[in-house]
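The values are calculated or read from the model by the stated rules, or taken from the named source; none is laboratory data. These figures come from a predicted structure and were not determined experimentally. Ideal geometry is used to build each Cβ from the backbone, glycine not excepted, and the neighbour counts take in all protein chains shown. For the accessible areas, the whole protein counts, side chains as well, though only heavy atoms, and no ligand, DNA or RNA atoms are used. Shrake-Rupley method; radii C 1.70, N 1.55, O 1.52, S 1.80 Å.
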Amino acid sequence: SKDHFSSKNNYPSNNKIWISSGGSSGTPKSILLSHEEVLKNCEIHGKGYVHCGIQPNDLVATFGLPNVLTSEFTVILALLHTHAGILPIGDVSNPENVIKLLEKFKPSVLLVMPSDFLPVANTLLLYNKRLEFVNLFIFGGEPLRNSDKEKFMQALSDQTQFRSVFQSSDCGSIGYQ
């Protein structure tokens, strides 16, 4: 009912979005943003993706699923500002299925947290496969350890470039700087 969202019930107004972000500390913090703030942050976040090298002719495979209070949904909104194609992979719990999707659609860019790609890279190496069509690996949200990068380089093209981005659309303007 309409009364469900009224302020007398201590619910936020309909033009607000609650999200949680861990930031560099990894400790979740809840944030209440207006729709306008989210959209502006996504626009600025998208500029960060462009500066990482995403171009309109790219197909970007993005990993991760929206979950309770996560800002993961904003990655798609930010990618819209690159004008690139978007391949939302989402769930990475079955690396074999992820590899089949990647081989079918052949994205030129992977936008993924290293820990989400690690099982995929391990499976590629197990089957002696490489994703030769990937030119750009963009990560954020966590550091890329040297040992993982070496493994990823074995699973990707020799020409793949690695770039990082401040992966947080809740404060895109800060991350962009």
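Given the residues Asp116, Asp91, which is the only one that is among the acidic types (Asp, Glu), out of contact with any Ser or Thr (no Cβ under 9 Å at 6 or more places or on another chain) and under 15 Å from Phe139 (Cβ atoms)?
The match here is Asp116.
Restricting attention to segment 117-147, which residues are under 14 Å from Leu101 (Cβ atoms) and touching a residue at least 40 places away in the same chain (Cβ under 8 Å)?
Correct list: Phe117 only.
Could you count how many residues in segment 42-94 are part of a helix (DSSP H, G or I) and within 18 Å of Ser164 (Cβ to Cβ)?
Residues that pass the stated criteria total 14.
Are there any pairs, at least 6 apart or on different chains, whose C-beta atoms fall under 8 Å, with the first in segment 83-112 and free of Cβ contacts under 8 Å to residues at least 12 places away in the same chain and the second assigned to a helix (DSSP H, G or I), and if so, which?
none
Could you pull out every one of the strands (runs of 3 or more DSSP E) wholly within segment 103-170 that has 2 or more residues that are open to solvent by 60 Å² or more (accessible area, probe 1.4 Å)?
Filter on segment 103-170 gives 161-164.
Given the residues Ser1, Ser24, Ser13, which is the only one that is within 30 Å of Leu102 (Cβ to Cβ), open to solvent by 30 Å² or more (accessible area, probe 1.4 Å) and modelled with pLDDT under 90?
Result of the check over Ser1, Ser24, Ser13: Ser24.
Within segment 108-120, is even one residue farther than 27 Å from Ile31 by Cβ, over 18 Å from the mean Cα position of the chain (by Cα) and not basic (Lys, Arg)?
Looking through segment 108-120, none of the residues is farther than 27 Å from Ile31 by Cβ, over 18 Å from the mean Cα position of the chain (by Cα) and not basic (Lys, Arg).
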